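The values are calculated or read from the model by the stated rules, or taken from the named source; none is laboratory data. Please read all numbers here as calculations on a predicted model, not as lab measurements. Because the Cβ atoms are built from the backbone with ideal geometry, glycine has one as well, and the counts that use them run over all protein chains shown.
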Amino acid sequence: MIRLLSPQGVLEGEPDPTLTESKLVKIMKDMVAARVFDDWMLRIHPMGRVSRYAPAEGQEASMVGSAHALSEVDWVFPTYREFPVLIARGVPLVELQNRMFANSRDVLKGHEITLYGDRWRRIVVGAGGVSLMAPIAVGMAMASKSAGEKSVFIVYMGDGATSKGDFHEAINFAGVFKTPVIFFCQNNQWAISVPVSLQTRAETLAVKAEAYGIPGVRVDGNDVLAVYTVVRKYVEAARAGGGPAFIEAYTYRIGAHTTADDPRRYRSEEEVRRWRELDPISRMRKYLTAKGLWSVEEEERFIEEFREELRKATEIAESTPPLKPAAILEDVYGETPWYIADELEELERYSAETL
């Protein structure tokens, strides 16, 4: 497993040379912002203010590090958990909150477990089912390659996705046609309640790549320097025509699968405690502090500023008028059938009477 930064924050290898001091600080800020966003959403969810949420605590290094290794021309295919990727990609907080509150400015019009989409930031709307976006990413990558473009396509997935047929079809096709795709698998040890030991008999997930004739590598997913370095290496190789790669980020999901899950039913507190000791933000904090690039005071100041920005974004989103019921079918029919129009009219009347 590739590691550049020890759990104690000591550098053990050579990071990518593009990791300048300013970039290191930006990565740290995005990781901290992701943790604050996570905490914020988990606080307002029990109040009934937002629907289901998939926390990302513990996986910030994997998500933020991989996102920063991309260029502006590269395409992102997230799952339902990649809010840290969106933050690192520069998506405004008010847009994320519009999405969470499913208001009239929600770009996805209330559809659940699809995270977010924005063609200008090259973020593709993800399907809720695991591994479903892998074939789509490969198809878009093949089209882009045929057009002579230099974009790379990164598709995020969890360990459970490697047990799905879509994953195997996609990675095989990508290998045969050398499409510029990075299969970025966050092995967070649990596919909801199924441990990775019941997903495969292989020693690692990365070794699966060998059967498809593409590079496969396992990286310490709690080491943001290693994640960035490895992802950037294979992104640039793909951009140069080298084809796809499979990257297994070995990490851990500290929180529940979603707010509809109770992880205490299938894993021990001792297991969670052990992984908390490998916290990716703590590791990066120690490293940057030793280099004189970060301090407790600076972190506290940044958290206060980011939390206030998030509070304002939440306030705006929550006060924005809700979606009208008809929005659920706006992108389904070119011309709405009469019987659907009748049902929508009935729905409007029902909503007016009951809400």
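A few notes on this one:
- The stretch 110-123: number of residues that are in contact with a helix residue (DSSP H, G or I) (Cβ under 6 Å, 6 or more places away or on another chain) and within 13 Å of Thr320 (Cβ to Cβ): 0
- Top-ranked residue of the stretch 286-301 - restricted to ones that are in contact with a helix residue (DSSP H, G or I) (Cβ under 7 Å, 6 or more places away or on another chain) and of a type outside the set (Ser, Thr, Tyr), ranked as surrounded by the fewest Cβ atoms within 10 Å (Cβ to Cβ): Leu293
- Residue in the stretch 39-57 that is assigned by TED's automatic domain parsing to the domain that holds Val217, touching a Pro at 6+ places or on another chain (Cβ under 6 Å) and among the small types (Gly, Ala, Ser) present: yes
- Counted residues, the stretch 1-27 - those being within 13 Å of Ala69 (Cβ to Cβ), surrounded by 14 or more Cβ atoms within 10 Å (Cβ to Cβ) and β-branched (Val, Ile, Thr): 1
- Check on Arg283, among the basic types (Lys, Arg), assigned by TED's automatic domain parsing to the domain that holds Gln189 and surrounded by fewer than 16 Cβ atoms within 10 Å (Cβ to Cβ): no
- Tally, over the stretch 16-61, of residues that are more than 15 Å from Leu93 (Cβ to Cβ), assigned to a helix (DSSP H, G or I), in contact with a helix residue (DSSP H, G or I) (Cβ under 6 Å, 6 or more places away or on another chain) and of a type in the set (Gly, Ala, Ser): 1
- Residue within the stretch 169-185 that is closer than 22 Å to Asp261 by Cβ, out of contact with any helix residue (DSSP H, G or I) (no Cβ under 7 Å at 6 or more places or on another chain) and not in a helix (DSSP H, G or I) present: no
- Residues within the stretch 188-225 that are surrounded by fewer than 16 Cβ atoms within 10 Å (Cβ to Cβ) and not in a helix (DSSP H, G or I), tallied: 9
- Residue within the stretch 313-322 that is assigned to a loop (DSSP other than H, G, I, E, B) and under 30 Å from Gly110 (Cα atoms) present: yes
- Just one of the listed residues (Arg81, Arg43) is surrounded by fewer than 22 Cβ atoms within 10 Å (Cβ to Cβ) and basic (Lys, Arg), namely Arg43.
- For the stretch 77-95, the tally of residues that are more than 13 Å from Asp38 (Cα to Cα), under 9 Å from the mean Cα position of the chain (by Cα) and either free of Cβ contacts under 8 Å to residues at least 40 places away in the same chain or outside any loop (DSSP other than H, G, I, E, B) (or both) stands at 1.
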